Amino acid sequence: MGLFSNEKKVDYDKIVDKMLPDAKKEMDESQYDTELGLNMARDARKVISGKLKIEDFHKVYSSSLTKEFGNYYASGDGPDIRKGDGPKWAMVIDLKKCVGCDTCTVSCKAENRTPPGISYNVVMESLEGEFPNIKAVNLPRPCMQCDKPACAQVCPTRATYKMENGIVAIDNDRCIGCRYCIVACPYGARSFDFGESYEQEMQGANDVTSPEYGVERGNREKGKTPIGTVRKCSFCFHRLQRGEEPACVETCIGDARFFGDLNDPNSVVSKLAASPRAFRLKEELGTHPNVIYLR
Amino acid sequence: MANLAVDLKEKSTSKSKINVTLSKSFKIWISALTIAFLIGGYFIVERFFTGLAATNLSSITPWGAWIAFYIFFVGLSAGSFLLSTLIYVFGMEEYERVGKAALFTAIVCMIVALTFVLMDLGRPERMLNAIIYWNVTSPLAWEVHFYLVYIGLLTVELYIAMREDLVRAAKTNSLKGFVAKLITFKNATINAATKKRDHMWMKILGTVGIPLAILGVHGGTGTIFAVVKARPAWHTALFPIIFVVSAMVSGTALLLAMYIIKKKVQKQPIDQGMVVSLAKLMVGFLIIDLGLQFYEYLIGWYGLETEHLDTLATMMASEKAWSFWIVQMLMGAVIPITIVFWKKTSQNVNALLAAAVLIVIGIIGVRFNIVVPPLVVPVFHELPWGNYAPTIKEWMVSVGVVAMGLLIYSFGELLLPIEETSDEVSHNGK
Ligand code: SF4
Ligand code: SF4
């Protein structure tokens with residue numbers, strides 16, 4: 001913290017800007033239309049940040065592109081955007097491999113910077129049978145990202161909703177904190193953020209937060225969202241966006257967790273989900289979880 | 001609020017035309033309520049700064065005292081409204097004396113109930129989201145809408161029920177007359193035609209209100225719980241029905257108690273016949289309620305589902321079981337039923353008052369036992385169990401909210417012709 005406190009903050013963006021070539025000069029040198037190129041670059045950034053729909057982008061530029069590139073540009077109505085064709089994320093947990101070390105719980109807390117009292121992932125441990133014929137069962141429990149989520153069903157504000165990629169998301173800026181979803185979740189996967197903090201034990205704990213759902217919220221402060229709302233595992237959506245696996249999958253010491261796309265019949269999770277060892281928790285409730293266990 | 005009583009007095013002295021005489025007992029009552037409201041108000045403000053950390057709630061037991069009070073007051077409201085329909089729709093004139101009080105109680109109880117919900121939200125400032133982003137599969141979102149429509153309907157109905165009295169009062173020089181002048185039209189009159197019109201509207205609104213109160217407001221509140229398949233003890237089709245019946249029990253008991261207490265304080269004669277028959281009605285509802293509960297517990301127990309058994313055990317055989325056996329069963333059922341049926345007490349107004357008060361308290365116990373035990377038992381046996389008892393702060397906030405409701409009611413009664421004088425009874429509301 002103290003490193004830059006006395007001097008002006010170094011503006012790294014400026015340094016990068018200096019390195020960039022001048023777009024106008026480059027375009028002038030090329031044989032193509034400068035203005036069109038600059039406009040397309042500007043709008044392409046909008047598409048990436050979600051402010052402009054890709055269909056609209058194509059609509060705007062289709063005719064001028066055909067003019068500019070003729071036969072080379074022959075996409076017609078724009079790319080084929082099929083709905084529901086993306087991945088559907090799922091997790092498989094092999095109970096035979098789980099040793100109950102709680103690494104997933106800890107790495108999840110570290111990754112998502114969850115406050116005291118909130119663990120998105122827990123390992124439920126139990127002993128079955130009578131001594132000496134006993135068996136230890138370790139049952140890791142993240143959010144099941146149900147296909148028919150009871151939590152989203154009851155949420156009065158649609159703050160909890162199912163995304164197309166299968167993940168059940170919470171819009172913490174909309175949630176009113178009624179906690180109906182916590183009551184309704186059959187897996188105990190949800191927690192209310194009462195506003196507690198590790199600041200007492202660890203200086204600066206509030207300064208580091210995790211960009212849940214890719215939203216960077218800055219320091220954890222009293223009364224600031226997500227405090228007062230409900231939180232849960234998001235399959236580390238922010239990591240998926242970077243092409244990384246959820247933290248619990250990556251750190252599992254027994255390699256008991258698998259992560260992948262259930263829509264792809266050749267993915268590891270699809271194959272494991274079809275195994276006779278596969279089962280889901282509380283299947284009788286009809287929530288259809290996307291976390292699949294191997295017994 | 002403290003100044004309000006003073007204000008009223010000043011008004012009466014400065015504008016000597018309006019004469020207000022506040023009885024001594026009324027002043028004591030108002031001051032006591034104001035003190036309770038101010039103390040509670042401190043904790044309400046504090047709660048908005050600390051958030052829900054002020055409570056003993058957790059992610060295992062996410063709902064507690066405030067939700068219990070919320071369903072308690074929704075129940076009182078639905079119950080007293082349904083009682084008023086007995087008069088205005090089904091023409092049971094013997095209960096005429098409590099008719100308008102029943103409607104006004106129903107409104108105030110709804111206000112109190114919604115205030116409890118507001119206290120309970122993690123983000124109270126976003127409460128309108130439930131209306132803006134209405135999720136049609138959420139019973140809670142439906143309820144918020146039903147409550148608002150219901151309050152609107154009650155207000156219109158109360159206005160029509162009071163209309164004749166307002167018109168009459170507008171001609172007098174009292175405080176009520178002053179208020180009446182503000183809320184009636186200049187040319188409002190009473191004649192046979194308006195009587196017929198008012199009567200017709202009372203019937204229409206009451207009739208629309210019945211399904212709204214039964215299915216929408218209270219059955220719907222039961223539905224909030226009944227749809228939760230994660231909690232087997234709530235997840236039965238009987239649950240919303242029990243809600244409605246217990247609403248009738250508590251609503252009748254509350255009105256009975258209020259009627260007797262008010263008459264006693266004002267030293268006016270008590271209509272003993274009506275009291276006895278209302279008490280019979282109340283206990284009748286209570287017995288139906290007990291019967292339904294019996295089946296509910298029996299079938300849950302017979303199902304041998306672990307969570308359901310654990311919930312029943314938490315309710316009936318844990319260290320908190322006193323709230324089931326003593327509050328819900330002994331105070332809320334056994335004693336009042338005995339009082340109403342035992343020859344020596346069945347005609348005694350004081351004993352019946354005690355029975356009514358006990359039933360109201362008993363229903364508070366019922367509401368706590370609905371909310372808390374199913375949320376103490378975790379959804380997986382390996383997860384930690386809940387351990388919930390309200391904090392002092394939760395109690396104080398509750399005191400503040402209830403005091404607010406009683407203040408609204410008391411001032412309403414002071415300013416509006418809610419109570420009927422006996423000579424008006426015969427030609428009103430019929
Ligand atoms: S496990 Fe619970 S929180 Fe997660 S999607 Fe299913 S019902 Fe919702
Ligand atoms: S607490 Fe938030 S996410 Fe949960 S049901 Fe209420 S509004 Fe929806």
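The values are calculated or read from the model by the stated rules, or taken from the named source; none is laboratory data. Because the structure is predicted, anything quoted here is derived from the model rather than measured. Glycine also receives a Cβ, built like all others from the backbone with ideal geometry; neighbour counts cover every protein chain displayed. These area figures cover heavy atoms from the full protein model, side chains too; ligands, DNA and RNA do not enter into them. Shrake-Rupley method; radii C 1.70, N 1.55, O 1.52, S 1.80 Å.
Selection of first residues in the stretch A:273-295 that are within 14 Å of chain B (Cβ to nearest Cβ) and of second residues that are away from ligand 1 (no atom under 16 Å from the Cβ), restricted to Cβ pairs under 6 Å at least 6 apart or on distinct chains, gives the following pairs, ordered by first then second residue: A:Y293/A:L95. When we screen A:K97, A:K109 for residues that are more than 13 Å from chain B (Cβ to nearest Cβ), open to solvent by 10 Å² or more (accessible area, probe 1.4 Å) and part of a helix (DSSP H, G or I), the only hit is A:K109.
Counting the residues of the stretch A:228-287 that are within 16 Å of ligand 1 (Cβ to nearest atom), surrounded by fewer than 18 Cβ atoms within 10 Å (Cβ to Cβ) and not in a loop (DSSP other than H, G, I, E, B) gives 4.
Does B:W142 fit the bill of being aromatic (F, W, Y), touching a residue at least 24 places away in the same chain (Cβ under 8 Å) and open to solvent by 70 Å² or more (accessible area, probe 1.4 Å)? For B:W142, the condition - aromatic (F, W, Y), touching a residue at least 24 places away in the same chain (Cβ under 8 Å) and open to solvent by 70 Å² or more (accessible area, probe 1.4 Å) - is met.
Taking the numbered list (1) within 13 Å of the chain's Cα centre (by Cα); (2) more than 14 Å from chain A (Cβ to nearest Cβ); (3) crowded, with 23+ Cβ neighbours inside 10 Å in turn, B:Y70 passes all entries but (2).
Conditions (1) surrounded by fewer than 15 Cβ atoms within 10 Å (Cβ to Cβ); (2) at pLDDT below 85; (3) not acidic (D, E), marked per residue:
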site: A:T34; (1), (2), (3): no, no, yes
site: A:L38; (1), (2), (3): yes, no, yes
site: A:D43; (1), (2), (3): no, no, no
site: A:D56; (1), (2), (3): yes, no, no
site: A:G76; (1), (2), (3): yes, yes, yes
site: A:I81; (1), (2), (3): yes, yes, yes
site: A:D85; (1), (2), (3): yes, yes, no
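When you check A:K224 against the structure, is it surrounded by fewer than 22 Cβ atoms within 10 Å (Cβ to Cβ), more than 15 Å from ligand 1 (Cβ to nearest atom) and more than 11 Å from the chain's Cα centre (by Cα), yes or no?
Values: surrounded by fewer than 22 Cβ atoms within 10 Å (Cβ to Cβ): yes; more than 15 Å from ligand 1 (Cβ to nearest atom): yes; more than 11 Å from the chain's Cα centre (by Cα): yes.
Yes; evaluated as a whole, the condition is true for this residue.
Considering only residues of the stretch A:170-200 that are in contact with a Ser or Thr (Cβ under 9 Å, 6 or more places away or on another chain) and of a type in the set (S, T, N, Q), which is nearest to ligand 1 (Cβ to nearest atom)? Checked the stretch A:170-200; the qualifying residue nearest to ligand 1 (Cβ to nearest atom) is A:S191.
Yes/no matrix, rows are residues, columns are (1) open to solvent by 10 Å² or more (accessible area, probe 1.4 Å); (2) in contact (Cβ under 8 Å) with a residue 24 or more places away in the chain; (3) in contact with a Gly (Cβ under 6 Å, 6 or more places away or on another chain):
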| site | (1), (2), (3) |
| --- | --- |
| B:F49 | yes, no, no |
| B:L52 | no, yes, yes |
| B:G75 | no, yes, no |
| B:A78 | no, yes, no |
| B:T85 | no, yes, yes |
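B:I210 meets the stated requirement of being touching a Ser or Thr at 6+ places or on another chain (Cβ under 9 Å), modelled with pLDDT under 90 and either surrounded by fewer than 20 Cβ atoms within 10 Å (Cβ to Cβ) or within 24 Å of B:S246 (Cα to Cα) (or both). When restricted to residues that are more than 10 Å from ligand 2 (Cβ to nearest atom), in contact with a Leu (Cβ under 6 Å, 6 or more places away or on another chain) and open to solvent by less than 10 Å² (accessible area, probe 1.4 Å), the stretch A:146-193 contains 1.
Among the conditions (1) of a type in the set (G, A, S); (2) within 14 Å of ligand 1 (Cβ to nearest atom); (3) part of a loop (DSSP other than H, G, I, E, B), A:G218 misses just one, which is (2). Of all residues in the stretch A:175-192, those that are at positive phi have Cβ atoms under 9 Å from Cβ atoms of residues that are within 7 Å of ligand 1 (Cβ to nearest atom) and at pLDDT 95 or above, 6 or more apart or on another chain, in A:R179/A:R190.
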